[in-house]
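Peer 1: Structure provided below as structure tokens; questions to follow.
Read-outs: derived from the displayed coordinates by stated rules, not from any lab. Fair warning: this is a prediction, and the values are worked out from it, not measured in the lab. Neighbour counts are summed over all protein chains in view; Cβ atoms, including those assigned to glycine, are modelled from backbone coordinates with ideal geometry.
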Amino acid sequence: MNSEKKTFTLLQLAASIQRAIQNVYSNSYWVKAEMHKLNRTSKGHCYPELVQKENGEIVAEMRGTIWKTTFEAVRKRFEEIVKEPLRDGLTLLFQVKVTFHPVYGMGLEVLDIDPNYTLGALQKEREETLINLKNKGLLNKNQQLSLPLLPKNIAIISIESSKGLSDFLSVLKANTFGYGFNTRLFPAILNGDGAVESIIFQLGQIKKYAAFFDAVVIVRGGGGEIGMTCYNNYELCEAITTFPLPVLTGIGHSTNLTVAEMIAFRSAITPTQLADFFVENFHAFAQRLKETQRTIIQEADYLLADTRKAMINESRIFRNSSIAAIIAQHKRVEQTNSDLLRASKNELKTNRERLLLSAQKSNSGIKVFHKLEISQLKSWERLLNSNVKKRLFEAGEIVQNYKTVLLNKTAILSDHAKRQLNQMETTVKLVDPVNVLRKGYTLSLFNGKSFSKDNFPGMGDVFETISTEGTLKSKVVEREQKAKNEE
């Protein structure tokens, strides 16, 4: 017996399923899932793909719906708390309601997203990055590098349209001190999706030309604090801390420092402050240089003043010593002159007496005596000249010691001494009996002695006259007696 089959239309079945789901899943539920794709439409509605992954494989997937008004409210609150935009790839805690539509099938209507859950997850990522860096001994690695004394060659990671980049360059170029900096831009995405990969890539590019740069700066600005969690990423932070050049950041984050800022060589809240650091570094060096210059000049002045005083004292002492030495030398020269003159007079007197005595003893041998006497006088003259020259040489040696310091005075003194000695020598030669006789003079002797008041020949007396030509004997035949008042 054939019974008639009970049939339903597709719509009837769909409506039945819809009623059943509404009855069973009448409440809302909090579901943790990854927002694989947001899929926002031009009308403002979103149809995110919600998935669950295990070991990288999708094990569950459902379609979600976020109406425009709901999305705007959720997005605003999420960004205010998390400081991150709603973006693909985030694991979120959704408040959903299970829905079924005869045409679109089963889905999840998103009523809300808990930002605190996401904030906790991001904070957990931050802490894990710090722990991993610490365990590998990389936490302070970049900070242990040395910044050059005057870092002027700077590699910049930023985006050309960034206000932060503009502010950074303006401060460097417009500094009132005129310090010059060389910069080169390596453009990169600075926040959100793709920032990690982009910044790491540009660090690799800079590393190829590390010898041409003194430091690397990462600057951003004008975009608020949204999209900063990329700077907690372990791969990015590892690339920064192990970089061979100092990496400085000015990424405009004023609260809750990111890991990248914590492990960088130096971090500033804004690009402007970071640029000020470079300018102030130059200025501080210039100030130290000026202070050192002032100190050197001051110390040099003190040293010159002390040296000047010492030179004045030394000059005074040297002058006094020199004057004393010159006076002493002058006295020695005068004494030498006196001794030479006295010796010459004594020698002349002795030779004159010998001459007279010899003449008295032998009139016939006067010529022989005269020749012998002349020879003796010449020998004595040579000896006298030798002594004079020896004394002059000794005096010259003493004077020479002072010549380099008091050249003019000693030269004058030496010339004066020489003139005195020459005059004395001339005087000695002039009184030499031989020279006297050669000039036409004669020597008259009576009773073997020179004429004097008590030894003067009278009428009829014979006296001798000695000249260079010989000896004459004369007899007084006439005599004129001087008046007493003429004697």
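Peer 1: Points 7 angstrom from Cα along the Cβ direction at Lys331 and Leu111: gap in nanometres?
Peer 2: Once both label points are built, they end up 12.9 nm from each other.
Peer 1: Here's another thing I want to ask about it. How much length, in nm to one decimal, is gained on full extension between Asn320 and Ile17, taken as 0.36 nm per residue of separation minus their Cα-Cα distance?
Peer 2: On the way: separation 303, 0.36 × 303 = 109.08 nm, distance 13.01 nm.
Separation in residues times 0.36 nm, less the Cα-Cα distance, equals 96.1 nm.
Peer 1: Using label points projected 7 Å from each Cα along Cα→Cβ, tell me how many nm separate Asn135 and Gln273, to one decimal.
Peer 2: Here the answer is 3.2 nm between the modelled labels.
Peer 1: Got a sec? How would Tyr231, Tyr25 order by Cβ neighbour count within 10 Å, fewest to most?
Peer 2: Fewest to most other Cβ atoms nearby, the residues stand as Tyr25, Tyr231.
Peer 1: Order of Thr176, Thr350, Thr65, Thr442 from fewest to most other C-beta atoms within 10 Å? Please list the in-between numbers first.
Peer 2: Details: Thr176 7, Thr350 11, Thr65 20, Thr442 14.
The fewest-first ordering by Cβ neighbours comes to Thr176, Thr350, Thr442, Thr65.
Peer 1: Quickly work out the Ser467-to-Glu128 label distance, labels modelled 7 Å from Cα along the C-beta direction, and quote it in nm with one decimal.
Peer 2: 14.7 nm
Peer 1: Please give the peptides 295-303, 100-108 ranked by average Cβ packing (other Cβ atoms within 10 Å per residue), highest first, as a rough proxy for protection.
Peer 2: Taking the mean over residues of other Cβ atoms within 10 Å, the ranking is 100-108, 295-303.
Peer 1: Then there's this: Nearest 0.05, what FRET efficiency do Asp301 and Arg342 give at R0 = 56 Å with Cβ-Cβ as r?
Peer 2: 0.40
Peer 1: Based on the mean of other beta carbon atoms within 10 Å per residue, what is the order of 118-124, 318-324, most packed first?
Peer 2: Ranking the peptides 118-124, 318-324 by packing returns 118-124, 318-324.
Peer 1: To check my understanding: the extent here is largest minus smallest coordinate of the Cα atoms along each principal axis. What are those three numbers for the stretch 443-482, in Å, largest first?
Peer 2: Principal-axis extents of the Cα atoms in the stretch 443-482, largest first: 29, 19, 16 Å.
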